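Below: the structure, in structure tokens.
The values are calculated or read from the model by the stated rules, or taken from the named source; none is laboratory data. All values derive from a computational prediction rather than experimental measurement. Glycine also receives a Cβ, built like all others from the backbone with ideal geometry; neighbour counts cover every protein chain displayed. Protein only, heavy atoms only, side chains kept; ligands, DNA and RNA dropped before computing areas. Shrake-Rupley method; radii C 1.70, N 1.55, O 1.52, S 1.80 Å.
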Amino acid sequence: MSSNSVSGKRELRPHVPRNFTRVIVICLVLLGLCAAASLVLGSRLVGIHELLDGLFRQDVDSYGANVVRKRISRTVFSLMCGGALGVSGALMQSVTRNPIADPSILGVNTGASLFVVCGIAFLNISTANEYIWLALAGAAITAVFVFGVGSVGRGGATPIKLVLAGAATTAALSSLVTAIMIPRSYVMDQFRFWQVGSVGSASWSAIATFVPFLIIGVLIAIITAPALNALALGDEVATGQGVRTGTLRLIAALAGVLLCGAATALAGPIGFIGLLSTHVIRLILGPDLRFVIPMSAISGAIILTISDILGRLLGSPGELEVGVVTAFIGAPILIILAMKSKVRSL
Amino acid sequence: MKPTHIFQAEQVIAGHDHKTVIKGVSLVIPSNKISVIIGANGCGKSTLLKTLARLIKPASGTITLDGRSIGKIPPKQLARILGLLPQSPVVPEGISVADLVGRGRFPHQSWLSGWTKKDTEAVAEAMRIMDITELANHNIDELSGGQRQRVWIAMALAQQTDILFLDEPTTFLDITYQIEILDLLTDLNRKYGTTIVMVLHDINLSARYADHIFALYQGELLAEGEPSKVITSTLVKDIFGLDCTVIKDPVSGSPLVLPKGRHHVSGLND
């Protein structure tokens with residue numbers, strides 16, 4: 001790739017960011033390191049032999065090897081979940097043309113968890129398969145509600161109004177979740193993690209349930225990326241370029257809800273991943289969504305996995321749920337973004 | 001030269017927020033010419049442009065391109081013939097000039113084909129026409145208002161449409177840049193035959209740069225035709241409610257409107 005940008009004679013290739021190859025290599029290496037660290041680090045540190053035994057030698061039955069085996073599903077799930085939340089964040093930011101749209105800020109994953117908690121409390125639901133549908137319904141209804149409330153009045157769905165609507169909805173829905181859980185100790189005991197979000201309890205069957213949603217959601221996101229690029233220039237420019245803006249918004253929002261709802265169904269409401277992952281990528285690669293969307297999946301996976309490792313290290317000998325960690329990292333970043341005048345509208 | 005198109009509106013009624021703004025307008029856009037829609041604030045000139053450019057769906061009436069209703073032409077196909085630059089497009093943060101101009105290629109690309117040599121050529125040509133080639137790697141945020149507007153027009157040009165709609169392309173620009181933009185658009189029309197339809201605020205610049213004027217008053221087409229025939233003191237009184245004298249512009253030969261206010265009208269005694 002040419003790098004003589006200073007002379008201004010760079011070949012006109014507006015389609016690939018200059019540093020793209022470098023960024024993708026660095027991201028993939030980081031992803032691998034994270035996955036390895038997630039297998040090794042935790043309240044019990046495993047050695048290299050135990051790691052290899054756990055990964056490749058099913059016949060070895062040492063404690064260390066078993067710890068590694070238990071951490072494999074957790075790692076796979078946290079990578080997938082982070083990826084889903086990253087792409088979901090990128091989609092919601094594009095659909096609302098709002099840089100601080102994130103499933104957690106818009107209340108979408110709180111809506112999903114309310115539905116799941118209701119299912120557990122009133123319908124005796126207990127498998128990942130059933131959670132997913134409830135979570136998706138909850139996510140979709142909350143998304144429609146928040147966008148509806150945020151669009152009332154002058155100027156349509158402005159960033160500030162959406163965030164306020166999301167915050168109010170989140171507060172109301174989380175108190176409902178609490179109200180349903182507190183008198184029912186069985187719900188509380190079994191699904192404590194719903195309130196904070198955790199990737200620790202993921203089983204392989206839950207992961208298998210998650211995979212189709214992840215694939216469909218990410219595929220839709222990648223396919224709609226060029227049209228979402230047009231939408232980023234405003235509805236009028238997008239219409240002028242031949243985009244059916246209403247249809248596009250609906251499809252992209254559905255994919256966003258699908259990804260976030262499925263992730264929430266299995267992990268509980270994990271916040272800020274969509275926000276963090278996309279902004280890191282935008283900062284490095286610029287605003288082209290054809291790159292931002294897939295790379296947000298990778299950065300989301302990295303950030304969520306690092307957060308999970310941090311939670312395990314900080315909470316040792318027990319663990320701190322990943323939702324707590326991401327909230328601690330994400331909240332200050334959100335404040336910085338809100339203060340930066342440039343990102344008030346995308 | 002761009003091909004000739006028949007773009008016409010018949011009995012179009014349109015508006016927004018349950019308010020009728022355009023009250024039955026019929027017109028034919030002169031092909032390969034520069035048309036300017038003029039009128040007072042709130043007369044619906046912007047709404048008319050948006051309706052013609054399919055941003056607003058008319059409540060009734062038909063808008064056709066070469067005999068086909070624009071609502072029935074697949075949007076991407078239509079976008080290869082009819083381009084549009086709205087008044088306030090959104091700038092994605094951190095985008096470079098070349099990237100933004102490249103966004104104009106969207107209607108020509110399919111998901112499978114990706115970026116082609118044709119796209120690169122179209123972007124290079126659009127940047128050359130708008131004289132922004134040296135700015136290619138600059139960030140949009142670094143540019144002046146005039147440069148920025150040239151970048152947006154270049155994006156619309158990269159779309160390579162035969163017809164181009166522009167909503168007040170010179171608003172908020174210094175007079176120097178207004179002239180620069182209008183000169184570049186005229187170049188575009190003269191060299192390539194691009195049909196240009198725009199809304200302009202300044203009646204004298206409209207008279208100078210338009211081949212054809214559409215004068216709008218309260219959502220109806222009051223007059224249309226060559227500036228020298230249409231722009232008269234009577235018309236200005238009718239659409240703007242302003243007393244004036246119209247003389248021949250000593251620079252361009254087009255009509256020049258000299259408003260008569262309550263003050264500074266001593267020259268009338270001469």
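Could you give the length gained on full extension between B:Ile179 and B:Gln11, defined as 0.36 nm per residue of separation minus the Cα-Cα distance, in nm?
Details: separation 168, 0.36 × 168 = 60.48 nm, distance 3.42 nm.
Result for the pair: 57.1 nm of gain on full extension.
Under 18 Å Cα to Cα from B:Lys117, which lysines show up? Leave out anything in the same chain fewer than 8 places away.
Here the lysines satisfying the reach criterion relative to B:Lys117 are A:Lys9.
What FRET efficiency would be calculated for the residue pair A:Ile223, A:Leu314, taking the C-beta separation as r and a Förster radius of 56 Å, to the nearest 0.05? List each step's numbers first, then the result.
Working: r = 39 Å, r/R0 = 0.70.
My answer for the efficiency is 0.90.
Specify which residue in the list B:Leu85, B:Ala126, B:Val21 is farthest towards the positive end of the charge dipole of the range B:7-231, using unit charges on the beta carbon of Lys, Arg (+1) and Asp, Glu (-1), about the Cα centre.
Working it through, the farthest residue towards the positive pole turns out to be B:Val21.
What residues in the range B:100-146 lose 50 Å² or more of accessible surface when the other protein chains are added to their chain alone (1.4 Å probe)?
B:Arg103, B:Phe106, B:Trp111, B:Trp115, B:Asn137
Of B:Val97, A:Pro103, B:Ala59, which is farthest on the positive side of the dipole of the protein assembly as shown, counting Cα position, with +1 on Lys and Arg Cβ, -1 on Asp and Glu Cβ, and the Cα centre as origin?
Checking the options against the dipole of the protein assembly as shown, the answer is A:Pro103.
Under 18 Å Cα to Cα from B:Lys19, which lysines show up? Leave out anything in the same chain fewer than 8 places away.
Reachable lysines: B:Lys45, B:Lys50, B:Lys57.
What order do you get for A:221-228, B:179-186, B:3-10 when each peptide is scored by the mean count of other beta carbon atoms within 10 Å, highest first? Mind showing how you got there, number by number?
Details: A:221-228: 22.0, B:179-186: 18.0, B:3-10: 15.6.
Order by mean packing, descending: A:221-228, B:179-186, B:3-10.
Can you list which of the trypsin sites (Lys or Arg not before Pro) found in the range B:1-67 are DSSP loop residues with at most 15 other C-beta atoms within 10 Å? Don't skip to the end; give the middle numbers.
Details: sites: B:Lys19, B:Lys23, B:Lys33, B:Lys45, B:Lys50, B:Arg54; in loops: B:Lys33, B:Arg54.
In loop regions of the range B:1-67 (DSSP not H, G, I, E or B), the sparsely surrounded trypsin sites (Lys or Arg not before Pro) are B:Lys33.
State the percentage of accessible surface on the range B:7-231 attributable to carbon and sulfur atoms; use a 1.4 Å probe and exclude ligands, DNA and RNA. List each step's numbers first, then the result.
Values: 4520 of 9070 Å².
Taking all protein chains in place, the range B:7-231 shows 50 percent carbon and sulfur surface.
In degrees from 0 to 90, rounded to the nearest 10, what is the angle of the helix B:145-158 Cα long axis to the longest principal axis of chain B?
60
With charges set only on the Cβ (+1 for Lys and Arg, -1 for Asp and Glu), what does the dipole of the protein assembly as shown come to about its Cα centre, in debye to the nearest 20? Provide the component values of the computation, followed by the final result.
Numbers: 51 positive and 42 negative charges, 97 e Å.
Here the protein assembly as shown has a charge dipole of around 460 debye.
Taking K and R as +1 and D and E as -1, what net charge do the other residues with C-beta under 15 Å from the C-beta of A:Thr305 add up to? Please list the in-between numbers first.
Values: positive: A:Arg71, A:Arg74, A:Arg312; negative: A:Asp308, A:Glu319, A:Glu321.
Counting the neighbours of A:Thr305, the net charge comes to 0.
How many square angstrom of accessible surface are buried between B and A, both sides summed, with a 1.4 Å probe and rounding to 100? Please report the intermediate quantities before stating the final value.
On the way: alone 13740 and 16010 Å², together 26890 Å².
Using a 1.4 Å probe, the pair buries roughly 2900 Å².
Other chains near A:280-291: what is the mean number of their Cβ atoms within 10 Å of each residue's Cβ? Display every interim value, and only then the final one.
Numbers: counts 0, 0, 3, 2, 0, 1, 7, 8, 7, 1, 3, 0.
Averaged over the peptide's residues, the number is 3.
Can you give the extra length, in nm with one decimal, that the chain gains between A:Ile333 and A:Ile160 once fully stretched, where that is 0.36 nm per residue apart less the Cα-Cα distance? Before the final figure, lay out each step's value.
Values: separation 173, 0.36 × 173 = 62.28 nm, distance 1.65 nm.
Working it through step by step, the gained length comes to 60.6 nm.
From the Cα gyration tensor of chain A, with a ≥ b ≥ c the square roots of its eigenvalues, which class applies: rounded if a/c is under 1.5, or else prolate if a/b is larger than b/c, or else oblate?
Numbers: a/c = 1.98, a/b = 1.19, b/c = 1.67.
Note, shape of chain A comes out oblate.
Once amide H atoms are placed 1.01 Å from N in the peptide plane, what residues at a sequence separation of 5 or more from B:Glu220, or on another chain, have their amide H within under 5 Å of its amide H?
B:Lys23
Suppose R0 equals 56 Å. What FRET efficiency, 1/(1 + (r/R0)^6) with r the Cβ-Cβ distance, do B:Glu121 and B:Asp249 give to the nearest 0.05? Intermediate results must be reported in sequence, preceding the final value.
Working: r = 39 Å, r/R0 = 0.69.
For R0 = 56 Å, the calculated efficiency reads 0.90.
Pull up all non-local amide H partners of B:Ile196: gap of 5 or more, or a different chain, and H-to-H distance under 5 Å with H placed in the peptide plane.
B:Lys33, B:Ile34, B:Ser35, B:Leu164
Which whole-Hz couplings ³J(HN,Hα) result when phi for each residue of the range B:258-264 is put into the Karplus expression 6.51 cos²θ - 1.76 cosθ + 1.60, θ = phi - 60°, listed in order with x for Gly and Pro?
These are the phi-based 3J(HN,Hα) values: 10, x, 10, x, 8, 10, 6 Hz.
In whole Hz and in residue order, list the ³J(HN,Hα) couplings for the range A:112-118 that follow from phi through the Karplus curve 6.51 cos²θ - 1.76 cosθ + 1.60, θ = phi - 60°; x for Gly and Pro.
Working through the residues one at a time gives 4, 6, 4, 4, 5, 4, 4 Hz.
Accessible area of A:Cys118, 1.4 Å probe, to the nearest 10 Å²?
Counting only protein heavy atoms, the figure is 40 Å².
Does anyone have the angle between helix B:117-129 and the longest principal axis of chain B? Alpha-carbon axes, 0 to 90°, nearest 10?
30
For a quick check: with amide H placed at 1.01 Å from N, whose amide H comes under 5 Å from B:Ile38's, ignoring anything fewer than 5 positions away on the same chain?
Under 5 Å from the amide H of B:Ile38: B:Phe214, B:Ala215, B:Leu216.
Quote the charge dipole size of chain A about the Cα centre in Debye, to the nearest 20; the model charges only the Cβ of Lys and Arg (+1) and of Asp and Glu (-1). It would help to have the intermediate numbers written out before the result.
Numbers: 24 positive and 14 negative charges, 201 e Å.
Approximately 960 debye in magnitude.
Can you give me the distance in nm between label points at A:Leu283 and B:Val265, each placed 7 Å from the Cα along the Cα-to-Cβ direction?
My value for the distance between the label points is 6.3 nm.
Can you work out the accessible area per residue across the protein assembly as shown, with the rest of the protein chains kept in place, probe 1.4 Å, in square angstrom?
Working: 26890 Å² over 616 residues.
Here the per-residue accessible area is 44 Å².
Please state, rounded to one decimal and in Å, the Kirkwood hydrodynamic radius that chain B gives when every pair of distinct Cα atoms enters the mean of 1/r. Numbers along the way, then the final one.
Numbers: mean 1/r = 0.0511 Å⁻¹.
With all distinct Cα pairs of chain B included, I get 19.6 Å.
Using DSSP loop states and a limit of at most 13 other Cβ atoms within 10 Å to flag trypsin sites (Lys or Arg not before Pro), what is the longest stretch of chain A containing no flagged site? Walk me through the numbers on the way to the answer.
Values: sites that count: A:Lys9, A:Arg57, A:Arg154, A:Lys340.
Here the longest run is A:155-339.
Using a cut-off of under 20 Å, list every residue of the range B:209-226 whose amide N is near the label point 7 Å from the Cα of B:Arg190 along the Cα-to-beta-carbon line.
Within reach of a label on B:Arg190: B:209-213, B:226.
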